[in-house]
Amino acid sequence: MDKLSEKNFFTKKINVTLIALFCMILWGTAAPVIKVGFDLFKIEQLEIYSKILFAGLRFVIGGIIVILIFSLREKRLLIPNKKSIPDVIAIGLVQTTLQFALFYIGLAYTTGLKASIFSALTTFFAVGIAHFFYKDDRLNFKKSFGCIIGFSGILILSLGGNQNDSKGFSLIGDGLVILSMIAYAVATVMCKEASKRGNITAVTGYSLLFGGLILVIIGIIGGGILENISIIGAFTVFYLGFLTAIALTLYNFLLKYNNVSLINMYNFLVPIFGTIFSAILLNENVFTLKNIVSLILACVGILVVNLPDKVKSSNDNT
């Protein structure tokens with residue numbers, strides 16, 4: 001596919017909708033499938049290094065898939081240029097190693113539903129961080145209002161109960177998942193800057209591989225182990241690596257050829273699909289008033305933040 005054909009494909013409205021929907025479905029399955037993986041490999045709550053090893057294998061596979069896909073596409077080995085090496089290391093450590101070490105550990109202490117809704121926080125944190133880095137991406141009333149709506153949904157989800165049950169706020173569970181979302185938001189700015197210095201696809205593939213290898217090494221050194229190896233367990237790890245590589249690659253192409261706000265608008269679907277798959281795969285009781293209100297507010301917040309700004313007409317300047 002040449003550059004013109006590629007652009008036409010990724011800007012056609014029906015393709016944009018279907019590809020974005022596919023990406024959101026994949027990302028929505030992530031948290032529930034990870035918890036299924038914990039059960040398949042008999043990883044208990046306190047087995048931190050086993051969780052880190054599990055996460056590392058996922059991203060090693062994801063990185064290899066990205067590198068293979070684009071090496072075949074370019075008919076040469078995909079290699080980042082020298083200027084991109086620091087980006088590979090930095091993004092690998094923040095977006096992969098740090099973010100997912102926090103996420104995998106925290107996920108064992110919270111529900112798939114809450115982790116899925118907390119994923120909405122990446123949008124709000126990214127908006128706040130961008131305000132300090134980009135003059136053309138400052139906070140305004142619309143973005144601030146959207147963040148307030150979204151955060152109110154997260155607050156409602158965290159109210160009630162105590163930190164030792166799924167109804168209240170768990171510092172080690174919900175807290176670490178939220179910190180992982182902050183790490184991801186920081187990484188989005190790092191990726192945007194990296195795209196100015198080199199091939200972002202190469203950076204993406206090798207940062208996933210590098211960050212994943214660091215997780216694997218930490219997991220092994222700490223004594224992590226995956227028990228009860230089975231075909232379905234191996235498929236689960238491969239699926240998580242696949243969804244990381246495919247969803248991230250397709251989403252980056254959509255961002256490359258379309259308005260960022262248009263594509264980010266679809267992010268509200270991740271908590272929705274995450275909630276649905278948590279009910280299906282984990283048998284979690286997701287249909288409570290508090291959960292539904294929280295989910296609606298989080299999704300509305302994302303939509304409001306990403307609504308396009310009003311464009312001044314030529315008559316406004318006359």
Given (1) touching a residue at least 24 places away in the same chain (Cβ under 8 Å); (2) part of a helix (DSSP H, G or I), Phe9 misses just (1)
Subset of segment 170-183 (residues that are modelled with pLDDT under 85 and buried (at least 20 other Cβ atoms within 10 Å of the Cβ)) | Ser170
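Here is a yes/no grid of residues against (1) more than 19 Å from the chain's Cα centre (by Cα); (2) at pLDDT 70 or above; (3) open to solvent by 20 Å² or more (accessible area, probe 1.4 Å):
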residue: His131; (1), (2), (3): yes, yes, yes
residue: Phe145; (1), (2), (3): yes, yes, yes
residue: Ile154; (1), (2), (3): no, yes, no
residue: Gln163; (1), (2), (3): yes, no, yes
residue: Ser166; (1), (2), (3): yes, no, yes
Which of the residues that make up segment 104-122 are open to solvent by 20 Å² or more (accessible area, probe 1.4 Å) and in a helix (DSSP H, G or I)?
-> Ile105, Thr122
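What are the residues in segment 257-275 that are out of contact with any Ser or Thr (no Cβ under 9 Å at 6 or more places or on another chain) and surrounded by fewer than 20 Cβ atoms within 10 Å (Cβ to Cβ), if any? Let's see the steps before the verdict.
The initial filter retains those residues of segment 257-275 that are out of contact with any Ser or Thr (no Cβ under 9 Å at 6 or more places or on another chain), namely 259-263, 265, 269.
Once the filter is applied, which keeps residues that are out of contact with any Ser or Thr (no Cβ under 9 Å at 6 or more places or on another chain) and surrounded by fewer than 20 Cβ atoms within 10 Å (Cβ to Cβ), segment 257-275 yields Asn259, Val260, Ser261, Leu262, Met265, Leu269.
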Looking at segment 42-65, which of its residues are in a helix (DSSP H, G or I) and charged (D, E, K, R)?
-> Lys51, Arg58
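Just to check your reading of the model, which residue among Phe287, Phe273 is of a type in the set (A, V, I, L, M, F, W, C) and either part of a helix (DSSP H, G or I) or in contact (Cβ under 8 Å) with a residue 24 or more places away in the chain (or both)? Before you say what the answer is, go through the steps one by one.
Details: Phe287 fails: either part of a helix (DSSP H, G or I) or in contact (Cβ under 8 Å) with a residue 24 or more places away in the chain (or both).
Sole residue among the options that is of a type in the set (A, V, I, L, M, F, W, C) and either part of a helix (DSSP H, G or I) or in contact (Cβ under 8 Å) with a residue 24 or more places away in the chain (or both): Phe273.
Can you tell me how many residues in segment 227-256 are assigned to a loop (DSSP other than H, G, I, E, B) and either open to solvent by 60 Å² or more (accessible area, probe 1.4 Å) or under 15 Å from Trp27 (Cα atoms) (or both)? Talk me through it step by step, then tell me what you get.
Applying the first criterion (assigned to a loop (DSSP other than H, G, I, E, B)) to segment 227-256 yields 227-230.
Add one more test, that the residue is either open to solvent by 60 Å² or more (accessible area, probe 1.4 Å) or under 15 Å from Trp27 (Cα atoms) (or both), and what stays is 227-229.
The qualifying residues number 3.
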Over segment 66-94, the set of residues open to solvent by 100 Å² or more (accessible area, probe 1.4 Å) and in a loop (DSSP other than H, G, I, E, B) is Lys75, Arg76, Leu77, Ile79
Given the conditions (1) of a type in the set (Lys, Arg); (2) under 19 Å from Asn306 (Cβ atoms); (3) without any contact (Cβ under 8 Å) to a residue 12 or more places away in the chain, report the number of the one that Arg76 does not fulfil.
-> (2)
Sole residue being more than 20 Å from Tyr104 (Cβ to Cβ), touching a residue at least 24 places away in the same chain (Cβ under 8 Å), assigned to a helix (DSSP H, G or I) and touching a Gly at 6+ places or on another chain (Cβ under 7 Å), chosen from Gly211, Gly205 = Gly205
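For residues that are among the hydrophobic types (A, V, I, L, M, F, W, C) and at pLDDT below 90, scanning just segment 195-219, find the one that is surrounded by the fewest Cβ atoms within 10 Å (Cβ to Cβ). Can you show your working first?
Applying the first criterion (among the hydrophobic types (A, V, I, L, M, F, W, C)) to segment 195-219 yields 200, 202-203, 208-210, 213-218.
Within this subset, residues satisfying the condition of being at pLDDT below 90 are 200, 202-203.
Details: Ile200: 21, Ala202: 23, Val203: 24.
My answer is Ile200.
Anything in segment 132-148 that is part of a helix (DSSP H, G or I) and touching a residue at least 12 places away in the same chain (Cβ under 8 Å)? List them, or say none. Full working, then the answer.
So the first thing to find is which residues in segment 132-148 are part of a helix (DSSP H, G or I), and the list is 132-133, 135-137, 141-148.
Once the filter is applied, which keeps residues that are part of a helix (DSSP H, G or I) and touching a residue at least 12 places away in the same chain (Cβ under 8 Å), segment 132-148 yields Phe133, Lys142, Lys143, Phe145, Gly146, Cys147, Ile148.
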Do the conditions hold for Gly224, that is, is it outside any helix (DSSP H, G or I), open to solvent by less than 20 Å² (accessible area, probe 1.4 Å), of a type outside the set (Lys, Arg) and in contact (Cβ under 8 Å) with a residue 12 or more places away in the chain?
-> yes
Are any residues in segment 26-48 open to solvent by less than 60 Å² (accessible area, probe 1.4 Å) and of a type in the set (A, V, I, L, M), and if so, which ones?
-> Leu26, Ala30, Ala31, Val33, Ile34, Val36, Leu40, Ile43
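The values are calculated or read from the model by the stated rules, or taken from the named source; none is laboratory data. Quantities reported herein were computed from a predicted structural model and do not represent experimental measurements. Cβ atoms come from the backbone with ideal geometry, glycine included; neighbour counts cover every protein chain shown. Side chains are part of the model used for accessible areas, which takes the heavy atoms of the whole protein and leaves out ligands, DNA and RNA. Shrake-Rupley method; radii C 1.70, N 1.55, O 1.52, S 1.80 Å.
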